[in-house]
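Notes follow once the structure below has been shown.
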Amino acid sequence: MSWKQTKDAPFFVGYLNAVPKPLAVFALVFSLCFVGGMGLAALALSSTQNDPGNGGFQWGNRFEQAGMLELRPYPVFRVPGDEESGPRTYMLSGQGKRGVFGQAEANAGTPVTLRGVPVNRGDLTMIQVGNVEATEDGAGNFTPSDAVPLGRWKLAGEICDGKCYAGAMRPGQGLAHKACADLCITGGIPPVFVSTGPVEGRSFFLMADKDGNLLGDEIQGLLALYIEVEGDVERLDDLLVFKADLSTARILK
Amino acid sequence: MSVQYTPVLWNRNKLVYDAVLLIAVALYLYVFIRYAPAFEDVTKPIDGATLRMRAFGSCAFLMLTVILCIGPLARLDRRFLPLLYNRRHFGVLTAGIAAVHANYVLGWYYNFSPTDKYVALLSSNTSYGQILGFPFEALGIGALLILFVLAATSHDFWLSFLGAPLWKALHMSIYIAYAFVVLHVALGALQGPGDPILTSLVTASVVLVCGLHFATGRMEAARERGEATAKASLQNAGWVVAGEVDEIDEDCAKVVTLDDDERVAIFKYDGKLSAITNACAHQNGPLGEGKVLWGCITCPWHGYQYNLADGRAPEPFTEKISTYRLKLIGSTVLLDPKALPPGTHVEPVRLGEGA
């Protein structure tokens, strides 16, 4: 078998406008298939994307309350209860991928009014802090309750950055989001543990290390992976804090 | 390079080629970003930035797949040969689409941070030691850089400046870019929640690209096996039997593979035979699969032309290819396997003289 061009076969030369008719018909059919195929591929890929959840900024429900700022070990805002609900503890973040350690340290222990925008997904709420002012409002002058230990737990799930997962950048989870989550946490956004099994009905936990201190680079290798880890859980009002003992962490998949 | 001295500017063929390309890309992006989201089954619409980066990223991936299929398709069926013309337009547009994808990713996932977004891109995930959680962004950056280099050097100026062997070797790195892109998708987007459509498309792309190259490789190997007559046939003082005159169509060639895998194209025209190397000086196109037009060998890839007797492009062009000596015994064509220096004149064998 040797390669032979034949005398009768149509031959295309690109710098001439005359395209042999059989090749023109073939090219037209190919073009239609190419254009149609691209359109169908776009339709198939775009219309079947996974649901990133309903989290997001609550721009129409701006937050303004008086309360106390604490470091647990990430900044949280604690407000007293009212007739409708008990006291609440909110996780906090700054603008973009920034934390609010500076404001929390400067105002720790004094009553403040905090304004911001909630980022909410289910029972996970993080406040993007806009403004913190000392307040004379009596509502902010209260003594927050101590943390309530809930014992040692082994939880399976994923370490996410709390702001993206809450809806700032949906879906905000999974390996495709790993670098962003790392950047957020490095910038001071509190990490949260998203558990597949609830503790006291809650699946989101503000994370700390096993001694209740800030987490450092040791979580980088575990971030955004499906892991199993043991640690103590404690309750701050309606927020659960997971003091994860990362030496027990095991990657499940 | 063409005896017609036709300026290779924006002729109708190029305009049609580019128009089809732009329509396909515009349709893809429009459907992905504007039309299909209405059919999504999600609790809240997907963010515009996320939608756009997915649209441009997947578009670049599919375009790269089609680009890599054109080569083997044109080897398997010569009706695909016209798609080889202007393929560099396809490549340049793909690099552009990939760059837009990268720009959206940078402006979304790596923005709004105290860390510079370019620094963040390289420093925020450095888990190179693990498969799960591997910084797949680095693979995308690698692919994008290769696509940029190939797009920037795609013009014939660079082919001439770098020389065909170096240019060709450089542009073979498109396969490295494709491997990087496949790994970029496999370690990134495919690691999210199960997405059967994306998984199927990526798998089909890999199977198609690999399958077509494998099939072409088999076909080429079969051709070379078929040339056993040229390799091991009766030797006549160093000449090899190239076949019978009747096997060659008028104005066409028969390609013979020599022992050292060098291929020679033997053309029949105007009652004469001439032999030249099968590799075009432009991009190593298979000259033997071309034809004789206006008295010149015409490459099927980009229409480069050469005189039959000396392998020189018609003046004022300067490309030259190797020629070979032929002789005829009866109706059997004998070929001297020693290539002559490019541009060497060889008197054509006149048919009927050896009978």
Review point. Between Rg and the Kirkwood Rh of region A:99-219, both from Cα atoms, what is the Rg to Rh ratio?
Key: 0.98
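Taking the Cβ of B:Tyr28 as the centre, find all other residues whose Cβ is under 15 Å away and add up their charges (Lys, Arg: +1; Asp, Glu: -1). Before the final figure, lay out each step's value.
Details: positive: B:Arg34, B:Arg52, B:Arg54; negative: none.
Here the count lands on +3.
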Review point. Given C-alpha coordinates of chain B, what is the ratio Rg to Rh with the Kirkwood estimate of Rh?
Key: 1.08
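How large, in Å, is region B:12-221 by the Kirkwood hydrodynamic radius built from its alpha-carbon pairs?
On the way: mean 1/r = 0.0533 Å⁻¹.
Hydrodynamic radius (Kirkwood, Cα only) of region B:12-221 equals 18.7 Å.
Report the GluC sites (Glu not before Pro) located in region A:81-114 that are in a DSSP loop and have at most 16 other Cβ atoms inside 10 Å of their Cβ, or state none. Let's see the in-between values first.
Values: sites: A:Glu83, A:Glu84, A:Glu105; in loops: A:Glu83, A:Glu84.
The qualifying sites are A:Glu83, A:Glu84.
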Review point. By how many degrees, between 0 and 90 and to the nearest 10, does the Cα long axis of helix B:12-30 differ from the longest principal axis of chain B?
Key: 20
Revision key, fill the gap. For A:Phe63, the residues 5 or more places away or on another chain with a placed amide H closer than 5 Å to its own amide H are A:Gly116, A:Val117
Review point. Out of A:Gly151, A:Gly130, A:Gly187, any idea which swings most in a Gaussian network model of chain A, alpha carbons joined below 10 Å?
Key: A:Gly151
Review point. Among A:Lys253/B:Lys44; A:Lys243/B:Lys44; A:Lys7/B:Lys338; A:Lys7/B:Lys14; A:Lys154/B:Lys44; A:Lys178/B:Lys117, which pairs are too far apart, with a Cα-Cα distance over 23 Å?
Key: A:Lys253/B:Lys44; A:Lys243/B:Lys44; A:Lys7/B:Lys338; A:Lys7/B:Lys14; A:Lys154/B:Lys44
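Restricting the count to DSSP beta bridges whose residues both fall in chain A, what percent are antiparallel, rounded to a multiple of 5? Don't skip to the end; give the middle numbers.
On the way: 52 of 59 bridges.
Just about 90 percent of them are antiparallel.
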Exercise for review: Could you give log10 I(q)/I(0) at q = 0.06, 0.11, 0.13 Å⁻¹ for the protein assembly as shown, computed by the Debye formula over C-alpha point scatterers of equal weight, without solvent?
Suggested key: -0.48, -1.00, -1.25
Point to revise | Buried area at the A-B interface (accessible, heavy atoms, 1.4 Å probe, summed, Å²) | key: 7000
Review point. When DSSP beta bridges are limited to those with both residues in the protein assembly as shown, what percentage is antiparallel, rounded to the nearest 5?
Key: 90
**Study point:** More than 25 angstrom apart: percent of Cα pairs within chain A
**Key:** 53
Review point. Can you list the residues, at least 5 places off or on another chain, whose amide H is less than 5 Å from the amide H of A:Gly99, using H built in the peptide plane?
Key: A:Gly94, A:Gly188, A:Ile189
Point to revise | Cut-off under 5 Å, modelled amide H: who pairs with B:Val349 long-range | key: B:Leu273
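Please give the average number of partner chain Cβ atoms lying within 10 Å of the Cβ of each residue in B:28-36, rounded to a whole number.
Numbers: counts 10, 2, 2, 10, 10, 2, 1, 5, 9.
Average neighbour count from other chains, rounded to a whole number: 6.
What range in chain B is the longest one free of GluC sites (Glu not before Pro) that are in a loop by DSSP and have at most 13 other Cβ atoms within 10 angstrom? Write out the running numbers ahead of the final one.
Values: sites that count: B:Glu250, B:Glu353.
Formally, the longest exposed-site-free interval is B:1-249.
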Review point. What is the local net charge at B:Glu247, summed over the other residues whose Cβ is closer than 11 Å to its Cβ (Lys, Arg +1; Asp, Glu -1)?
Key: 0
Check your understanding: So how long is each side of region B:241-350 along the principal axes, counting just the alpha-carbon atoms, biggest first, in Å?
Key -> 38, 30, 23
Check your understanding: So what's the back-of-envelope 222 nm ellipticity for chain A, counting only DSSP H runs of four-plus at -39500 (n - 2.57) apiece and dividing by all residues, rounded to 500?
Key -> -5500 deg cm²/dmol
Check your understanding: Can you give the Rg and Dmax of region A:56-134 based on its C-alpha atoms, in angstrom?
Key -> 11.7, 35
**Study point:** Whole-angstrom gap from region B:37-67 to region B:306-355, using each part's C-alpha centre
**Key:** 55
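With a 1.4 Å probe and every protein chain left in place, work out the accessible area per residue of region A:14-116 in Å², rounded to a whole number.
Values: 4750 Å² over 103 residues.
Spelled out: the 1.4 Å probe surface of region A:14-116, per residue, equals 46 Å².
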Exercise for review: Just flag the GluC sites (Glu not before Pro) in region A:115-187 sitting in loop per DSSP whose Cβ has no more than 14 other Cβ atoms within 10 Å.
Suggested key: A:Glu136
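Once the Cα gyration tensor of region B:68-175 is found, what semi-axes does its equivalent ellipsoid get, as square roots of 5 times the eigenvalues, in whole Å, sorted largest first? Kindly include the intermediate steps, with their values, before the conclusion.
Values: eigenvalues 223, 49, 41 Å².
Semi-axis lengths for region B:68-175 are 33, 16, 14 Å.
The values are calculated or read from the model by the stated rules, or taken from the named source; none is laboratory data. Since this is a predicted model, take the numbers as computed values, not measurements. Cβ sites come from the backbone with ideal geometry, for glycine too, and all protein chains shown count toward neighbours. Keep in mind that these areas ignore ligands, DNA and RNA; they rest on the heavy atoms of the full protein, side chains included. Shrake-Rupley method; radii C 1.70, N 1.55, O 1.52, S 1.80 Å.
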